[in-house]
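Novice: Next up is a structure, given as structure tokens.
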Amino acid sequence: MKIAISLALFLCTAFGYSQDKASSTLEEARTRWLRGNYAEATKLYQEAAGDAETAPQAQVGLAQVAWSEAKWDESVKILELALKKHPKDPDLQAHLAETYFQRGKWDEADKLADAAIATNDSHFLARWVKAKLLRDRGNLKEADITMRWFVRTYSRLDNEDKPIQVGEHLLLVGLAGAENARWHALSNQFKFILNELYPDALKFDKNLWQVEYEIGMLLLEKHNRPQAIEAFDKALAMNPKAASAYVGKGLVSLQEYKLQDAEQFAEMALKHQPGLPSALKLKADVSMIGGDFLSAAKMLKEATTFNPKDEEAYARLAAISRFTDHPEGIQRQIAIVDQFNAKPAVFYYVLARTLEDRKYYEDAEKYYRKSIELRDDLSAPQAGIGMLYLRLGKEKEAQVALNKAFELDRFHVRVSNSIRVMKHMESYETIETPHYIVRYDPANDRLLALFIADYLEEIHAELAKDFQFEPQEKVLFELFSSHEMFSGRTVGLPDLHTIGACTGRVVTMASPKAKGLLRTFNWGRVVRHELVHIFNLAQTNFLVPHWVTEGLAVRKEGSVRPPNWDVILRQRYLAKDLLNLDNITMGFVRPRSPSEWNLAYYQSYLYVEYFIKSFGIQNLGPLLDAYGAGLSTDAAITRVCKISKLEFERGYLEYVRKKVESINIAPSQANSAVAKTLEELIKEHEEKPEDLEIAAQLADMYQRRRKSQDAKEVVAKVLAKDNTHPLASVVLARLQRQDGDNDAALKTIEAAQKAHPNDGKLLLYLGRLYLEAEAFDKAAAMFERGLETAPVDAEWLPLLIEVYQKTKQQEKLADALARHIQQDADDLDSRLILTQLYLNQAKFPEAEEVAWDAIRIDVTNIKAQAGLLAALSTQKKDAELAKMKERFEKNN
């Protein structure tokens, strides 16, 4: 597989440059260029161009600077004019050959590379151009011989005690050596390149940032992201304008699915080198993930205009043709690539990978196979199809492909991790149900696996009814006793920050007590969520829009949505800035803020709720079938709902309007300001000294920063104009308590709360003061009012629970706990208390329901088990009681 070298690389490195002949002016110019000081470098190169001896090298330097500044045509013109004056200069020939290669003028590049080699048989850059031409045309046998020339030359000179001491030459040896290692499964060669060869290049040329860039790209190829980032940062420390290094960082972000970061890095690269093809392709990848195929295609066409032989860009364009249901477009791109490459394995690999990213798994498998058919010596396609098989639950096929990939490249992190996971799972046992295959660690999770197996079938029946569909094949559910193994099975890397995942036809989940987790979680909620994805993906052949399946999954979780979601919805509705069906996917993959990510989930849920209320749950199945038939959202809605998408959106907005009107939200929360820095508040206060809210916020910030005197001065001015201003009163009370005057603080807040009876901040602060003073009835009154009038201003329920426990108000405690557990799916202790309360109150069905929920957090908890058994016993559910008793006794 060819290295993803920046398209600027040719003219970012003075290959073939003879340091022995260079004047001090040339050397200084080159240093300025490598450090990103392009204007100074240009001036020095122009000075050197006036000397006949250094003129050719100066012209090369001027072309390199022009290229670095994205003056592509000017760079070519400089070299062409210089070559007319010096027609036999091999350095000019080689650099112009590299330029032509990057622009897709391969015949011209070939002739110039041959001419340079005829003059200087050991011209490194000319031979590198020749090697790439042979490789990219599919003449692999000759390409292999040419790549090996670099390795053999390096070894020969080293053996003759004449080691290469030119940084640019060592870099080229590393690039060619990496290709040689890929083609011949020489994994140890990668280690040598990274640990010895490239460090030597930097030793001889400390400014050669391209070495750090290539280190980063090689590490990224092996999915070693932390060290790749470190290398890219080192490159940028040398040259802050190194556009390709920003692209490298963007590729890391893309692998981590941090799409906003990836796009920002692409923009930074394009700022320094407008039109840089690698940056355009990165940005296109982000756009494709978000479903913006029009923008992606525009950027990719710009890349192919720059280089008409960019097979990676054509591969992405082919994928877009598939996404937009234009199969003839795929054949058109294939025909273009076939004209210049006899073995376009890279094209098919990138096409497969791009299709896989959007869950076109069947097509991806076909093109991975085509890539392997053309080049079975490449690790990447083998790794790609192996990871795809893991997604699809084809673990035997995956093992074959991954073992092959590992033989070819033992440094590929995802491959080695996945093989390690499969080794780890050899001791796992299996429970098979009518619709599921559950694999688990018998040493840790036998009891849990039994409950999960039952629950899967229970939820399966519900979903089959809702969607009027069920997957044809049994679904694989894998339960891991280590979060590291769960992450490795899911993405091939140890840093997945979640606990459950649907990878295609497989559900993976870390056990609630898995090694590496900080706390237990409600595994029942995770199972419900992920099974929705399994059903939706199967029913639509993986074509379900993201918002549909996430909305359905959130609905199936069953818990009340977080209160702050209502705040976000209200604010965005009033600002007329809600997401819609055209851009809601971007809220998931490229949110403008953390709150927009939450909004995307909430609006998806509301879209689903609106659909069900307006068109009936019986139409969910037909809607998913429409997507499975390849219909767009517009067409699917028209078919199922019998109205246009525009009419659907109007109905949805009316539904949201009613929802917003029903949200019980305090004015203090509705008008809450965005968090500001101290400096911003000081500036705003200076500009608007009469604005009491800004002044109160400034006093609050001063007090939190322990600038008590400043806080006192500002808050005094606010209260002089409004002696019960809510926030200012809270700040004053904190200052009074800080000075030891608790009575004064209480009076301050009581007076302010009397004037503003429903202000959340005052209710919360006054309630806490009463709680501290053990005035429980007064504290309860404040917290109860706060829950009613300002539900999103604080966590009222935990505070009420504390008060009710202290005052032994069992009925109120049970009601508060019941509401609380709806908002906190993972709180085991509250469920245990509530189970016992319901048993004491003879509410046995309610006790059973809560006990089951506790079991779905920790099946091994003795109190949860006892609560469930007691609830079953009191209801005379003898068969189930006997089953649970036996299960607990055998597996505790």
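Novice: Take every Cα pair under 8 Å in segment 310-446 that's 6+ residues apart, average their separations, divide by the length, and report that relative contact order as a whole percent.
Specialist: 13
Novice: Now for a different question. Counting only DSSP beta bridges with both residues in the chain, what percent are antiparallel, rounded to the nearest 5?
Specialist: On the way: 7 of 17 bridges.
Antiparallel: roughly 40 percent of the beta bridges in the chain.
Novice: Let me know the whole percent of all Cα-Cα pairs from segment 790-837 that are separated by more than 17 Å.
Specialist: Numbers: 302 of 1128 pairs.
I get 27 percent for the Cα pairs in segment 790-837 exceeding 17 Å.
Novice: Please compute the net charge surrounding Ala781, taking Lys and Arg as +1 and Asp and Glu as -1 over other residues with Cβ under 14 Å from its Cβ.
Specialist: Details: positive: Lys754, Arg768, Lys778, Arg785, Lys812; negative: Glu750, Asp777, Glu784, Glu788.
Its environment carries a net charge of +1.
Novice: Hey, another quick one. For a quick check of understanding: with a 1.4 angstrom probe and all protein chains in place, what accessible area in square angstrom does Trp523 have, to the nearest ten?
Specialist: Accessible area, nearest 10 Å²: 0 Å².
Novice: Further question: DSSP loop trypsin sites (Lys or Arg not before Pro) in segment 556-665 with at most 16 other Cβ atoms within 10 Å of their Cβ, which ones?
Specialist: Working: sites: Lys556, Arg570, Arg572, Lys576, Arg592, Lys613, Arg639, Lys642, Lys645, Arg650, Arg657, Lys658, Lys659; in loops: Lys576, Arg592, Lys642.
The qualifying sites are Lys576, Arg592, Lys642.
Novice: What are the chymotrypsin sites (Phe, Trp or Tyr not before Pro) within segment 54-105 that DSSP puts in a loop, where the Cβ has at most 10 other Cβ atoms within 10 Å?
Specialist: Numbers: sites: Trp67, Trp72, Tyr100, Phe101; in loops: none.
Passing sites in segment 54-105 do not exist.
Novice: For the chain, the longest stretch holding no GluC sites (Glu not before Pro) located in a DSSP loop with at most 13 other Cβ atoms within 10 Å is which? Could the numbers behind the result be given before it?
Specialist: Values: sites that count: Glu53, Glu160, Glu473, Glu690, Glu774.
Between exposed loop sites, the widest span is 161-472.
Novice: Can you find, among Ala720, Leu771, Ala781, the residue sitting farthest towards the positive end of the charge dipole of segment 670-784, where Lys and Arg contribute +1 and Asp and Glu -1 at Cβ?
Specialist: So the residue furthest toward the plus end is Leu771.
Novice: Going Cα to Cα from Lys658, which lysines come in below 21 Å? Please leave out same-chain ones fewer than 8 positions away.
Specialist: Those lysines meeting the cut-off are Lys576, Lys613, Lys645.
Novice: Net charge near Ser416, counting Lys/Arg +1 and Asp/Glu -1 over other residues with Cβ under 11 Å of its Cβ? Intermediate results must be reported in sequence, preceding the final value.
Specialist: Values: positive: Lys222, Arg410, Arg414, Arg420, Lys423; negative: Asp409.
Overall, the nearby charge balance is +4.
Novice: At a Förster radius of 25 Å, what calculated FRET efficiency corresponds to the Cβ-Cβ distance of Ala781 and Arg706, to the nearest 0.05? Please list the in-between numbers first.
Specialist: Numbers: r = 33 Å, r/R0 = 1.30.
Working from the Cβ atoms, E equals 0.15.
Novice: Now a separate question. If contacts are Cα pairs under 8 angstrom and at least 6 residues apart, what is the relative contact order of segment 672-754 in percent? Can you show the working numbers first?
Specialist: Details: 86 pairs, mean separation 17.5, N = 83.
Answer for segment 672-754 is 21 percent.
Novice: How big is the dipole moment of segment 603-742 about its Cα centre under a simple scheme where the beta carbon of each Lys and Arg is +1, that of each Asp and Glu is -1, and everything else is neutral? Debye, nearest 20, please. Intermediate results must be reported in sequence, preceding the final value.
Specialist: Details: 20 positive and 21 negative charges, 83 e Å.
The dipole magnitude comes to about 400 debye.
Novice: Let's test the formula: R0 of 56 Å, r as the Cβ-Cβ distance of Lys84 and Tyr257. What FRET efficiency results, to the nearest 0.05?
Specialist: Working: r = 50 Å, r/R0 = 0.90.
Computed FRET efficiency for Lys84 and Tyr257: 0.65.
Novice: What's the long-distance tail for segment 334-379, i.e. % of Cα pairs beyond 13 Å?
Specialist: Values: 527 of 1035 pairs.
The answer is 51 percent, as a whole percent.
Novice: If you take all C-alpha pairs in segment 65-179, what percent of them are over 24 Å apart? Spell out each step's value before the answer.
Specialist: Working: 1759 of 6555 pairs.
Result: 27 percent of Cα pairs exceed 24 Å.
Novice: Net charge near Met425: determine it from the other residues with C-beta under 14 Å of the C-beta of Met425, scoring Lys and Arg +1 and Asp and Glu -1.
Specialist: Values: positive: Lys396, Arg420, Lys423, Arg439, Arg489; negative: Glu395, Glu426, Glu429, Asp441, Asp445, Glu478, Glu484.
That works out to -2.
Novice: Can you give me the accessible area per residue for the chain, using a 1.4 Å probe, in Å²? Intermediate results must be reported in sequence, preceding the final value.
Specialist: On the way: 38290 Å² over 892 residues.
The answer is 43 Å² per residue.
Novice: Now a separate question. Would you mind pulling out the separation of the Cα centroids of segment 560-612 and segment 716-763, in Å?
Specialist: When both Cα centres are located, 36 Å separates them.
Novice: Right, next: At 0.36 nm per residue, and after removing the present C-alpha to C-alpha distance, how many nm does the segment from Asn742 to Thr874 gain when stretched out fully?
Specialist: Numbers: separation 132, 0.36 × 132 = 47.52 nm, distance 5.11 nm.
Full extension of this stretch gives 42.4 nm more.
Novice: For segment 733-885, what number results from the quotient of the Cα radius of gyration and 2.2 N^0.38 Å?
Specialist: On the way: Rg = 19.5 Å, N = 153, 2.2 N^0.38 = 14.9 Å.
This ratio for segment 733-885 stands at 1.31.
Novice: Let me have the 222 nm mean residue ellipticity of the chain computed from DSSP H runs of 4+ only, each contributing -39500 (n - 2.57), with the sum over all residues rounded to the nearest 500. List each step's numbers first, then the result.
Specialist: Working: 48 runs with 629 residues, N = 892.
About -22500 deg cm²/dmol.
Novice: Using the structure shown, select from Lys271/Lys676; Lys513/Lys863; Lys843/Lys877; Lys71/Lys249 the pairs with a Cα to Cα distance greater than 19 angstrom. Write out the running numbers ahead of the final one.
Specialist: Details: Lys271/Lys676 29 Å; Lys513/Lys863 17 Å; Lys843/Lys877 15 Å; Lys71/Lys249 24 Å.
As for pairs spanning more than 19 Å Cα to Cα, those are Lys271/Lys676; Lys71/Lys249.
Novice: Right, next: How about Lys258: which aspartates and glutamates have a C-alpha closer than 15 Å to its C-alpha, ignoring those fewer than 8 places off in the same chain?
Specialist: Glu267, Asp285, Asp357, Asp495, Glu596
Novice: Ordered by residue, what ³J(HN,Hα) values in Hz, to whole numbers, does segment 167-179 give under the Karplus form 6.51 cos²θ - 1.76 cosθ + 1.60, where θ = phi - 60° and Gly and Pro are x?
Specialist: Listing the rounded values in order: x, 5, 5, 5, 4, 5, 4, x, 5, 5, x, 5, 4 Hz.
Novice: Given an 8 Å cut-off on Cα distances and at least 6 residues of separation, report the relative contact order of segment 559-684 as a percent. It would help to have the intermediate numbers written out before the result.
Specialist: Details: 63 pairs, mean separation 32.6, N = 126.
Normalised by residue count, the contact order of segment 559-684 is 26 percent.
Novice: With only alpha-carbon pairs counted, each pair once and no self-pairs, how large is the Kirkwood hydrodynamic radius of the chain in angstroms? Present the calculation step by step, with values, prior to reporting the outcome.
Specialist: On the way: mean 1/r = 0.0316 Å⁻¹.
After inverting the pairwise mean of 1/r, the radius is 31.7 Å.
Novice: OK, next. Ordered by residue, what ³J(HN,Hα) values in Hz, to whole numbers, does segment 636-643 give under the Karplus form 6.51 cos²θ - 1.76 cosθ + 1.60, where θ = phi - 60° and Gly and Pro are x?
Specialist: Each residue's phi maps through the Karplus curve to give 5, 5, 4, 5, 8, 8, 6, 9 Hz.
Novice: Ok, one more. Got a sec? What order do Met586, Met485 fall in by accessible area at 1.4 Å, biggest, i.e. largest, first?
Specialist: Working: Met586 35, Met485 15 Å².
So the residues, ranked largest to smallest area, are Met586, Met485.
Novice: Ignoring ligands, DNA and RNA, how do Leu402, Leu134 rank by accessible area with a 1.4 Å probe, largest first?
Specialist: Working: Leu402 0, Leu134 25 Å².
Reading off the accessible areas and sorting them downward yields Leu134, Leu402.
Novice: A follow-up question, please. Amide H to amide H, which residues 5 or more places from Glu478 or on other chains are under 5 Å from it, using H placed in the peptide plane?
Specialist: HN-HN under 5 Å from Glu478: Arg439, Val507, Thr508, Met509.
Novice: Determine the distance separating the Cα centre of segment 42-119 from the Cα centre of segment 533-552; give it in Å without decimals.
Specialist: If we compute the Cα centre of each part, the gap is 54 Å.
Novice: Then there is this: Step through the table entries Lys808/Lys883; Lys141/Lys359; Lys778/Lys812; Lys85/Lys343; Lys132/Lys370, compare each Cα-Cα distance with 27 Å, and write down the pairs that go over it. Write down the numbers at each step before the final one.
Specialist: Values: Lys808/Lys883 35 Å; Lys141/Lys359 35 Å; Lys778/Lys812 15 Å; Lys85/Lys343 39 Å; Lys132/Lys370 22 Å.
From Lys808/Lys883; Lys141/Lys359; Lys778/Lys812; Lys85/Lys343; Lys132/Lys370, over 27 Å: Lys808/Lys883; Lys141/Lys359; Lys85/Lys343.
Novice: Apply the Karplus curve 6.51 cos²θ - 1.76 cosθ + 1.60, θ = phi - 60°, to the phi angles in segment 500-508 and return the couplings in whole Hz, x for Gly and Pro.
Specialist: Whole-Hz 3J(HN,Hα) from phi for segment 500-508: x, 7, 10, 9, x, 10, 9, 10, 10.
Novice: Label-point separation (nm) for Thr119 and Asp815, each offset 7 Å from Cα along Cα-to-Cβ?
Specialist: 9.3
Novice: With +1 on each Lys and Arg Cβ and -1 on each Asp and Glu Cβ, how big is the dipole of segment 684-761 about its Cα centre, in debye rounded to the nearest 20?
Specialist: Using Cβ point charges on Lys, Arg, Asp and Glu, segment 684-761 gives about 320 debye.
Novice: At a Cα cut-off below 15 Å, give the aspartates and glutamates reachable from Lys88, other chains included and same-chain residues fewer than 8 away excluded.
Specialist: Glu53, Glu80, Asp114, Asp121
Novice: If you put +1 on each Lys and Arg Cβ and -1 on each Asp and Glu Cβ, how big is the dipole of segment 72-171 around its Cα centre, in Debye rounded to 20?
Specialist: Dipole size: approximately 200 debye.
Novice: Largest first and to the nearest Å, give the Cα extent of segment 383-485 along each principal axis.
Specialist: Between the extreme Cα coordinates on each principal axis of segment 383-485 lie 47, 33, 18 Å.
Novice: Report the FRET efficiency, 1/(1 + (r/R0)^6), for Lys642 and Glu53, where r is their Cβ-Cβ distance and R0 is 56 Å, rounded to 0.05.
Specialist: With R0 = 56 Å, the Cβ-Cβ based efficiency is 0.10.
The values are calculated or read from the model by the stated rules, or taken from the named source; none is laboratory data. In this text the structure is predicted, and so the values were computed from the model without any measurement. Every residue, glycine among them, receives a Cβ derived from its backbone with ideal geometry; neighbour counts consider all protein chains shown. Keep in mind that these areas ignore ligands, DNA and RNA; they rest on the heavy atoms of the full protein, side chains included. Shrake-Rupley method; radii C 1.70, N 1.55, O 1.52, S 1.80 Å.
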